[in-house]
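The next block holds one structure in the form of structure tokens; read it before the comments.
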Amino acid sequence: MQPNFPTVSVLGVDFTSITNEQFLHQLYADSQAGRNRVIVTANPEIVLFARQNQRYARVLAQADYTVPDGVGIVDGAKILQQSLPERITGYDTMLSLLAWANDHQKRVFLLGAKPAVIQKAVANINHDYPNLQVCGWHDGYFDDEQAVVEQIKAAEPDFVFCALGFPKQDYFIHQHHQAAAAIWMGVGGSFDVLAGIVKRAPQKWQDRHLEWLYRLLQEPQRFGRMLALPKYLALIIQQRLTGRK
Ligand code: UDP
């Protein structure tokens, strides 16, 4: 059964219009039914990239759910007089799925991040979610992609969290998600947070829409990437004024 939720187009990317609660319930049902699902969590930088890269745009179009990971997408939709209920972050979704996997003794595969980071993330998950099974893991710096795919296949996971950064994680999932009837989600830098190496912005910063600034202060090397934000906003305003996509 294909999910059937309305979508909202933001600069050519179709976002699933759904609340966090609806989304999680849908994913729990997907998992219980053994469905193979692909989730992309997309922010303004990803939308801009998809506009310039057809292959990536196709990957987004073929995902089962593309959700707005960033207030920029929700605000952008609003400026375009559309409505997306709320931000759905990869990190929070992953934590909810881990808690659910723990309650239902599901199998979880973790792929990505540096070797020391993934090792610590796995240790923290084993400690915090003792009833789920980490059925396999691999760092994100591998040469033999097929060997990693075989490892995932043999592990028979219910959930595969891929933290290879964008666009690599989305290409990987797009290409290999048939290896397991699981929920596959790209989770960017989430393992760095799970391992305690990078701190998530406190709720107050998130509420004031300043998560990007908090992240920039922790990782100043991201400054270049963040220039995507004003460019994105300019395109949104241009589309609002001209109606052109
Ligand atoms: N990463 C990886 N393999 C790569 C490149 C990156 O595993 O070839 C990991 C990196 O160690 C980090 C995450 O992917 O843990 C990227 O985090 P970032 O916050 O940059 O994610 P993005 O914003 O690109 O989704």
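The values are calculated or read from the model by the stated rules, or taken from the named source; none is laboratory data. Predicted model only: the values in this text are computed from it and were never measured. Heads up, the Cβs are rebuilt from the backbone with ideal geometry, glycines too, and the neighbour counts pull from every protein chain shown. Heavy atoms of the whole protein, side chains included, go into the accessibility calculation; ligands, DNA and RNA do not. Shrake-Rupley method; radii C 1.70, N 1.55, O 1.52, S 1.80 Å.
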For the stretch 140-157, check the following and say yes or no: at least one residue is among the acidic types (Asp, Glu) and under 18 Å from the mean Cα position of the chain (by Cα).
no
From the set of residues in the stretch 72-110 that are more than 30 Å from Ser9 (Cα to Cα) and within 16 Å of the ligand (Cβ to nearest atom), which is nearest to the chain's Cα centre (by Cα)?
Leu110
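Listed here are the residues, each with its yes/no results for (1) farther than 20 Å from Ala123 by Cα; (2) within 11 Å of the ligand (Cβ to nearest atom); (3) buried (at least 24 other Cβ atoms within 10 Å of the Cβ); (4) assigned by TED's automatic domain parsing to the domain that holds Leu229.
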| residue | (1), (2), (3), (4) |
| --- | --- |
| Phe161 | no, no, yes, no |
| Leu164 | no, yes, no, no |
| Pro167 | yes, yes, no, no |
| Gln178 | yes, no, no, no |
| Trp205 | yes, no, no, yes |
| His209 | yes, no, no, yes |
| Leu213 | yes, no, no, yes |
Filter pass, Phe23 being of a type outside the set (Ser, Thr, Tyr) and open to solvent by 40 Å² or more (accessible area, probe 1.4 Å)
no
Count, please, the residues in the stretch 116-165 that happen to be of a type in the set (D, E, K, R), touching a helix residue (DSSP H, G or I) at 6+ places or on another chain (Cβ under 7 Å) and touching a residue at least 60 places away in the same chain (Cβ under 8 Å).
1
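How many residues are of a type in the set (Asp, Glu) and open to solvent by less than 30 Å² (accessible area, probe 1.4 Å) if we restrict to the stretch 99-138?
Initial filter on the stretch 99-138 (of a type in the set (Asp, Glu)): 103, 128.
Cutting the leftovers down to open to solvent by less than 30 Å² (accessible area, probe 1.4 Å) gives us none.
The number of residues fulfilling the criteria is 0.
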Of the residues that make up the stretch 147-160, is at least one assigned to a strand (DSSP E or B) and under 27 Å from Val47 (Cα atoms)?
yes
